[in-house]
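Peer 1: Please see the structure below; I have some questions.
Just so you know, all these numbers are worked out from the coordinates, no wet-lab data involved. Just so it is clear, the model here is predicted, and its values are computed rather than measured. Methodologically, a virtual Cβ is constructed for each residue, glycine included, from the backbone with ideal geometry; neighbour enumeration extends over all protein chains shown.
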Amino acid sequence: MEVILLADVKKLGKKGECINVSDGYASNYLIPRKLAVRKTEGSVKVLNHQKAEEEKRQSELKAEAEKIKAQLDTIVVKFTAKAQKNGSMAGTISTKEVEKTLKDEYQITIDKRKILDKFTINAFGYTKLRVELYKNVIGTITIQVLEDKN
């Protein structure tokens, strides 16, 4: 029996695939658990419609990521930190702080787990962090750390 998978099934296939399975497996396991539907002309049309909607949604997400990337290229996120007696920076600036500042000052929401560079910012001056906004869309956040004169 040919079925269309509605969800990923281990050792069988991914969501949206048309596969051939035994009649008993389909009617006793896959279909009752809403993991698959019987392949018919109507179900194929629904599947094609869902794939088109998903493609449209993904292209919108990619366009949004490209827009955020362009914004990130034009801004510099500024932080101030105290200096130690030898002139080096006291403390570090975390990715969480970078994420919060981007959200508060520039209304740009990123996920700190998507930041590709895993080093800490612990020096005065400019630092660049790469962030993956979407598959193969990588933006660069420019961070400037200034010395706190107080």
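Peer 1: Could you pull out the longest piece of the chain with no exposed loop trypsin sites (Lys or Arg not before Pro) in it, calling a site exposed if DSSP puts it outside H, G, I, E, B and it has at most 12 other Cβ atoms within 10 Å?
Peer 2: Working: sites that count: LYS10, LYS11, LYS14, ARG33, LYS34, LYS82, LYS85, LYS118, LYS135, LYS149.
Longest gap between qualifying sites, sites excluded: 35-81.
Peer 1: Also, I was wondering about something else. Can you tell me the FRET efficiency between ILE138 and TYR106 if r is taken as the Cβ-Cβ distance and R0 is 22 Å, rounded to the nearest 0.05? Each step should come with its number before you reach the end.
Peer 2: Working: r = 18 Å, r/R0 = 0.82.
Here the calculated transfer efficiency is 0.75.
Peer 1: Enter the angle in degrees (range 0 to 90, nearest 10) between the Cα long axis of helix 95-106 and the first principal axis of the Cα atoms of the chain, meaning the one along which they spread out most.
Peer 2: That works out to roughly 90 degrees.
Peer 1: Let me ask something additional. Would you calculate a helix-derived [θ] at 222 nm for the chain, using -39,500 (n - 2.57) for each DSSP H run of n ≥ 4 and dividing by the full residue count, to the nearest 500? It would help to have the intermediate numbers written out before the result.
Peer 2: Details: 2 runs with 46 residues, N = 150.
Computed ellipticity for the chain at 222 nm equals -11000 deg cm²/dmol.
Peer 1: How high is the relative contact order of the chain? Use alpha-carbon pairs under 8 Å, at least six apart in sequence, and give a whole percent. Could you put the intermediate results ahead of the total?
Peer 2: Working: 210 pairs, mean separation 31.0, N = 150.
With pairs under 8 Å counted, the relative contact order is 21 percent.
Peer 1: Show me, for region 4-13, the HN-Hα J-couplings you get by feeding each phi into the Karplus relation (A = 6.51, B = -1.76, C = 1.60, θ = phi - 60°), rounded to Hz, glycine and proline as x.
Peer 2: Coupling constants for region 4-13: 10, 6, 9, 8, 5, 10, 4, 6, 10, x Hz.
Peer 1: Let me ask another. As an exercise, take the mean of 1/r over every pair of distinct alpha carbons in the chain, invert it, and state the Kirkwood radius in angstroms. Don't skip to the answer; put the middle values down first.
Peer 2: Working: mean 1/r = 0.0518 Å⁻¹.
In the chain this quantity evaluates to 19.3 Å.
Peer 1: Considering only the other residues whose Cβ falls under 14 Å of the Cβ of VAL98, what net charge follows from Lys and Arg at +1 and Asp and Glu at -1? Intermediate values should be presented prior to the final figure.
Peer 2: Working: positive: LYS78, LYS96, LYS100, LYS103, LYS112, ARG113, LYS114, LYS118, LYS128, ARG130; negative: GLU97, GLU99, ASP104, GLU105, ASP111, ASP117.
That works out to +4.
Peer 1: Could I ask something else about it? Set the bar at 24 Å for Cα to Cα. Now go through LYS51/LYS100; LYS85/LYS114; LYS62/LYS114; LYS82/LYS114; LYS69/LYS128 and name every pair that lies beyond it. Mind dumping the intermediate values first?
Peer 2: Working: LYS51/LYS100 35 Å; LYS85/LYS114 35 Å; LYS62/LYS114 15 Å; LYS82/LYS114 28 Å; LYS69/LYS128 13 Å.
From the list (LYS51/LYS100; LYS85/LYS114; LYS62/LYS114; LYS82/LYS114; LYS69/LYS128), the Cα-Cα distance tops 24 Å for LYS51/LYS100; LYS85/LYS114; LYS82/LYS114.
Peer 1: Classify region 1-57 as rounded, prolate or oblate, taking a ≥ b ≥ c as the square roots of the eigenvalues of its Cα gyration tensor: rounded when a/c is under 1.5, otherwise prolate if a/b is larger than b/c and oblate if not.
Peer 2: Values: a/c = 2.38, a/b = 1.67, b/c = 1.43.
Since a/c reaches 1.5 and a/b is larger than b/c, the shape of region 1-57 is classed as prolate.
Peer 1: Any chance you could give the angle, 0 to 90 degrees and rounded to 10, that helix 41-74 forms with the longest Cα principal axis of the chain?
Peer 2: In the chain, helix 41-74 runs at an angle near 10 degrees to the longest axis.
Peer 1: Right, next: Which residue, VAL21, VAL77, VAL131, tops the fluctuation ranking in a GNM of the chain built on C-alpha contacts under 10 Å?
Peer 2: Fluctuation is largest for VAL21.
Peer 1: Past the 27 Å Cα-Cα mark, which pairs from LYS34/LYS67; LYS10/LYS67; LYS14/LYS39? Spell out each step's value before the answer.
Peer 2: Numbers: LYS34/LYS67 38 Å; LYS10/LYS67 37 Å; LYS14/LYS39 15 Å.
In this structure, LYS34/LYS67; LYS10/LYS67 exceed 27 Å between Cα atoms.
Peer 1: Kindly identify region 65-146 as rounded, prolate or oblate by the Cα gyration tensor criterion: order the square roots of the eigenvalues as a ≥ b ≥ c, call it rounded if a/c is under 1.5, otherwise compare a/b with b/c, prolate if a/b is larger, else oblate. Intermediate results must be reported in sequence, preceding the final value.
Peer 2: Working: a/c = 2.31, a/b = 1.98, b/c = 1.16.
Prolate shape, in that a/c is at least 1.5 and a/b is the bigger ratio.
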